1. Looking at L122, is it touching a Cys at 6+ places or on another chain (Cβ under 9 Å), farther than 26 Å from T69 by Cβ and either at pLDDT below 95 or part of a helix (DSSP H, G or I) (or both)?
2. Can you tell me which residue within segment 32-78, out of those that are of a type in the set (S, T, Y) and closer than 20 Å to Y121 by Cβ, is surrounded by the most Cβ atoms within 10 Å (Cβ to Cβ)?
3. Hey, can you tell me all the residues within segment 76-93 that are assigned to a loop (DSSP other than H, G, I, E, B) and either touching a strand residue (DSSP E or B) at 6+ places or on another chain (Cβ under 9 Å) or touching a residue at least 24 places away in the same chain (Cβ under 8 Å) (or both)?
4. Hey, among Q128, Q111, which residue is under 19 Å from H36 (Cα atoms), over 18 Å from the mean Cα position of the chain (by Cα) and in a helix (DSSP H, G or I)?
5. Can you work out which of the residues in segment 134-154 that are part of a helix (DSSP H, G or I) and not small (G, A, S) is surrounded by the most Cβ atoms within 10 Å (Cβ to Cβ)?
6. Within the bounds of segment 170-178, is there any residue that is surrounded by fewer than 20 Cβ atoms within 10 Å (Cβ to Cβ), at pLDDT 95 or above and among the basic types (K, R)?
7. Mind checking which pairs have a first residue in segment 111-124 that is without any contact (Cβ under 8 Å) to a residue 40 or more places away in the chain and a second that is surrounded by 17 or more Cβ atoms within 10 Å (Cβ to Cβ) and aromatic (F, W, Y), Cβ under 9 Å, 6 or more apart or different chains?
8. Name the pairs: first residue in segment 37-51 and without any contact (Cβ under 8 Å) to a residue 12 or more places away in the chain, second residue hydroxyl-bearing (S, T, Y) and part of a helix (DSSP H, G or I), Cβ to Cβ under 9 Å, at least 6 apart or on different chains?
Amino acid sequence: MYSGFPAIDFLENFLTPLPGCEREPVFTVDGIRKFHSWTHSCLTVVLDHLSTIPASDYAREVPGFGFPTLREQVIHIFNCEGFWVHALQGLTYHDRNPAGYPSVADARLLQREISEQTLAYLAGLTDQQISSNTELRFPDGELAVCTPAFVIHHVLTHAFHHKGQIVAMCRVLGHPAPDTDLNRLNDLT
């Protein structure tokens, strides 16, 4: 089956159970919820740091990054989560324009809104559902088949990618960030 995601297609060759063998779900709703919480805790550390730098640096372009400002990086993280969680529900998501979120305080409001939407979506799933294939239909007519767990996992690892870019941009702008990794969290249970 073609999922639209090369990594899924590759892994399907290894995940197809032998005849008579059942595949146990790899992810649980509770586990995904925890990963989501940990990710947003790390993003909050980043937002806390960004709130200490001059507003002009928050919106300053830094060459060499796909999203050239800290603000665009931050809003992109939340737009991606919003897009994919809406796609899982068959809903359309409209990207938020970074210009509409000029301050870190504005970005925190968007973080809360998107995070709550994700948690509400997860609250309606069972462990079986989060690990079962679902069809995603996109506005351009494309179709993908994958599990909600895979999509949410992708969203959260994607957030860490951009969090790393934000930390690098802060360093370039002369505002080195504190440790923002998962290992700084006291409670990972």
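1. Against the criterion (touching a Cys at 6+ places or on another chain (Cβ under 9 Å), farther than 26 Å from T69 by Cβ and either at pLDDT below 95 or part of a helix (DSSP H, G or I) (or both)), L122 does not qualify.
2. T39
3. The answer is Q89, G90, T92.
4. Exactly one residue qualifies, and that residue is Q128.
5. I152
6. yes
7. Pairs found: E113/F78; I114/F78.
8. S37/S115
The values are calculated or read from the model by the stated rules, or taken from the named source; none is laboratory data. This structure is a prediction, so every number in the text was calculated from the model and none was measured. No Cβ is skipped: glycine too gets one built from the backbone with ideal geometry, and neighbour counts run over all protein chains shown.
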